[in-house]
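Reviewing the structure listed below.
The values are calculated or read from the model by the stated rules, or taken from the named source; none is laboratory data. The model shown is predicted, which means the values in this text are computed figures rather than measured ones. As a convention, Cβ positions derive from the backbone with ideal geometry for all residues, glycine included, and neighbour counts pool all protein chains shown. To get the accessible areas, we keep the full protein, side chains included, count just its heavy atoms, and leave off ligands, DNA and RNA. Shrake-Rupley method; radii C 1.70, N 1.55, O 1.52, S 1.80 Å.
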Amino acid sequence: MARKIYGSVHSTAMMRALAVLHEKGLEFQLVPLDMRAGEHKKEPSLALNPFGQVPAFEDGDLKLFESRAITQYIARKYADIGTPLILESKPTVKVSASMEFKVHPETMESNMQWELMPDRAADAAVIENMMAMVNMWTEVEAHQFDPVASRLQRELVYRQMIGMAPDTAAFGENWTKLTELLDIYEARLSQSKYLGCDFFTLADLHHLPALTNLMGTPVKALFDARPNVSAWAANITARPAWVKVLALRNQY
């Protein structure tokens, strides 16, 4: 059975799951749901997600909902395909090969010998620490960044789409919260290219939908004012997989 993902490409949660599928280069079938018509609140959608939300995901007989659970599943099951988005706990050993050419002084017979030599043994403790950092920043996105970013999107994006002015009190409160949060991000990104470690992981990817939406609002100034945050945002939003997600959104 083919992989299927159900939802609206305009949903930030849906976009998060789509980003992982594209980072992994996996084939999948998109099953659009008309959320304005409430398709996600009716059968057969409720059989896939009983909470009436998107996305829902099928991979063979497995059915999942909750976007972050979907991204974790895909990143782990398909760890060896496409972009590595998680860290493996098992340390690896890289080796280099050397060749020695010998000639016997009496028989003049030649002999080539190959020797495998350890080049760098990965430190399991270092990997475990990196895994902990990636997991921690993945949690930061879910519990610190996303609630604030979601409220700012509501005020600056979604309310304007239906002709409503922002709630100035809600906007001001969450502007202040994001200002403080991005100061913490700026400090972290002065130590590491990405949030979890020095390569792109789910900790970064999960930010993409809300981050992209906010870049079209006055909130962009908060990102631009912090050089490390600004460079990080520019880097992750330019990823080819994310560009594909945005192109897909533009088709609907």
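Some notes on this structure:
- Only residues that are assigned to a helix (DSSP H, G or I) and aromatic (Phe, Trp, Tyr) were counted in region 168-213, giving 3.
- Taken across region 157-177, residues that are within 25 Å of Pro227 (Cβ to Cβ) and within 22 Å of the chain's Cα centre (by Cα) do not occur at all.
- Meets criteria (of a type outside the set (A, V, I, L, M), closer than 30 Å to Asn135 by Cα and modelled with pLDDT under 95) for Ser11: no
- For the residues Ala169, Ala234, the requirement of being over 24 Å from Thr138 (Cα atoms) and of a type outside the set (S, T, N, Q) singles out Ala169.
- Matching residues in region 30-83 - criterion: being among the acidic types (Asp, Glu) and touching a Phe, Trp or Tyr at 6+ places or on another chain (Cβ under 6 Å): none
- Filter pass, Tyr158 being surrounded by fewer than 21 Cβ atoms within 10 Å (Cβ to Cβ), farther than 28 Å from Glu27 by Cα, among the hydroxyl-bearing types (Ser, Thr, Tyr) and at pLDDT below 95: yes
- Note on region 6-84: enclosed strands (runs of 3 or more DSSP E) holding 1 or more residues that are touching a residue at least 24 places away in the same chain (Cβ under 8 Å) and either open to solvent by 50 Å² or more (accessible area, probe 1.4 Å) or among the β-branched types (Val, Ile, Thr) (or both) are 29-32.
- Contacts under 8 angstrom Cβ, first residue in region 135-149 being without any contact (Cβ under 8 Å) to a residue 40 or more places away in the chain, partner part of a helix (DSSP H, G or I) and of a type in the set (S, T, N, Q), 6 or more apart: Val148/Asn174
- Complete set of residues in region 216-245 that are open to solvent by 20 Å² or more (accessible area, probe 1.4 Å), within 25 Å of Arg154 (Cβ to Cβ) and touching a Ser or Thr at 6+ places or on another chain (Cβ under 7 Å): Asp224, Thr237
- Here is the figure for region 178-196: residues that are within 18 Å of the chain's Cα centre (by Cα), open to solvent by less than 10 Å² (accessible area, probe 1.4 Å) and not small (Gly, Ala, Ser) total 2.
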